[in-house]
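Comments concern the structure below.
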């Protein structure tokens, strides 16, 4: 049992025929507890470390201890390799199956057998979720201390196998420090028991040998855990740093001051940016790193320790130090840290999670080297870890479908009829996220991101594709040229909208000067997804991922908020009616989201609002799929693309959906004459050309390959103009 990828080849073969093995296991297990068809085995090919995958020969899901013993006896007799699996949330590959072996999954053994609130212990089966123990013992004022980030899903049996810790392990220890007794079954089917419900047990202390052995020595069937009384009070200090090395030094300073906090965690800028979009915990997005340091105990103990921690943080160079005001905010701070892994998964399709421990005094050096390696190999890396004991979780982010993770290009294509040929490709050295062109077609402004080369705004002169201007700007997500070509508005992932003066000089060049006083700053957690300028009123409509739509006056010296509205869905795009009196807000929430009344929200909703007040006039629905883009065509119709490939047409004169078709695309752009619609199909990297009729697109759409695209490219935007 254990981690079979250490074997260079599948050399351990069962000494029993497959059919005979299935027949014997069928006698020992209920029908639903034995899986042997490939489609049933496929979901068990890996644990939380998805980089390594292997389909097992068989999967057994026993329901009690006797069945575990029977399965192991059969496998031992037939020389069948066995791998033990809990909930499958582990990141070390401990539950990676063996192709010629059996995977023993303990998920069905999930009963809490006994709770003793007086002795402060609980006896549970291995499939019980970590968090379920604290939930069950909460009425007694007790809880189970180890709290891995996956505690809502991970099982106590898997925790024992991996010796799991969590954000509070610095003060309360790992799994081995919080269990008293174990029952486990050896590969021969023999039942053993170690530990005791008392303070001591006869014989050798084998608890530390079994805990963390990854199932190599036996399959755990029952765990007796220690319970602790809930502390009278707990508070968290959030400290922000402008330098990740300073944050690492602050960790060493806290420990060096003799402070043993209940938890001491760290996240760098990339991690906090991902988490803030996901949880909206209120983290400062401009910080290079943040530390979360918790104190618990009596009110007096907490007050004293919090004061000492704040002093250490300030002396270490913290730019901001906050203390949780109440229990709700404390839990919100921790929710952000515990959601770091899934949050990163939202911004990049793949990531590789490392799990290593280093001496605390080496934290600054290691963090600096991670940053250097990230730049060297052009791979984003977000750092989240248990800073107090030096347990690091660097999350190396990548897209398995993409070769180069930090390059991007702008390809100009010539369109003659329905034939598209490449004329020139401009390498940007970063990934374009949004682009917009000046009204005179002289310049193209591009929002570009790259962890290696830095985030920036690039201005290309279209006559010769020369970059005439570059501005470093954090996390640009959307660019919009004001219709009179005097200003560029840049939406950002940190909730800012930066204004750049792009008016012409006497020689015809653009000023390209940032106007710092015109910056719009939204509340923490808002990522700007779309912008629209209201020509008549001189206001800017701002859409965000949190569902907020804002209307700001941007004519005066300082931007002023006029109105706002929050939807339960995130905003994918915003647009204006031809007379600008109505604002169309296109929403992209998952179809399973619920509103405040518990009603299911449809993702393809379109809110039609009064532009001045942002009050909702009516709501349309295109389809129950997230909206990806919207474009006003012929000064009347909004063409809306959705994640399922549906093209929805909204008539702004009647505010009704008048047409729906399925060209299979995701992004839209209109040609200069308004007679064709171009839709980029990101799956096949082709452009769909759709002829526009009086009431919407006709059926004569054609797919034409883009020319000159680098290998493994993904189209992120279209801009059509004529020369």
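The values are calculated or read from the model by the stated rules, or taken from the named source; none is laboratory data. None of the values given here were measured: they were computed from a predicted structure. Here the Cβ positions follow ideal geometry from the backbone for every residue, glycine too, while neighbour counts run over all protein chains shown.
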For residue 75, are the conditions met, namely being surrounded by fewer than 20 Cβ atoms within 10 Å (Cβ to Cβ) and either modelled with pLDDT of 95 or more or assigned to a loop (DSSP other than H, G, I, E, B) (or both)? no
Among the residues of the range 470-489, the number that are modelled with pLDDT under 85 and either closer than 16 Å to residue 434 by Cβ or crowded, with 21+ Cβ neighbours inside 10 Å (or both) is 2
For the range 609-623, give me each residue that is surrounded by 15 or more Cβ atoms within 10 Å (Cβ to Cβ) and in a loop (DSSP other than H, G, I, E, B). 611, 612, 614, 622, 623
Take residue 188 and decide whether it is modelled with pLDDT of 95 or more, surrounded by fewer than 16 Cβ atoms within 10 Å (Cβ to Cβ) and under 29 Å from residue 60 (Cα atoms). yes
Which numbered condition residue 535 misses (of (1) modelled with pLDDT under 85; (2) surrounded by fewer than 15 Cβ atoms within 10 Å (Cβ to Cβ)): (1)
Go through the range 509-560 and give me each residue that's part of a strand (DSSP E or B) and more than 17 Å from residue 479 (Cα to Cα). 548, 553, 560
Matching residues, the range 236-268, being more than 11 Å from residue 312 (Cβ to Cβ) and surrounded by fewer than 23 Cβ atoms within 10 Å (Cβ to Cβ): 240, 242, 243, 244, 245, 246, 260
Out of curiosity, is residue 303 more than 30 Å from residue 88 (Cα to Cα), in a helix (DSSP H, G or I) and free of Cβ contacts under 8 Å to residues at least 24 places away in the same chain? yes
From the options 124, 167, residue that is assigned by TED's automatic domain parsing to the domain that holds residue 207 and modelled with pLDDT of 95 or more: 124
Within 34 Å of the chain's Cα centre (by Cα) and at negative phi: does that describe residue 102? yes
Those residues of the range 330-345 which are buried (at least 17 other Cβ atoms within 10 Å of the Cβ) and either part of a helix (DSSP H, G or I) or not assigned by TED's automatic domain parsing to the domain that holds residue 278 (or both), in sequence order: 330, 332, 333, 334, 336, 337, 338, 340, 341, 343, 344
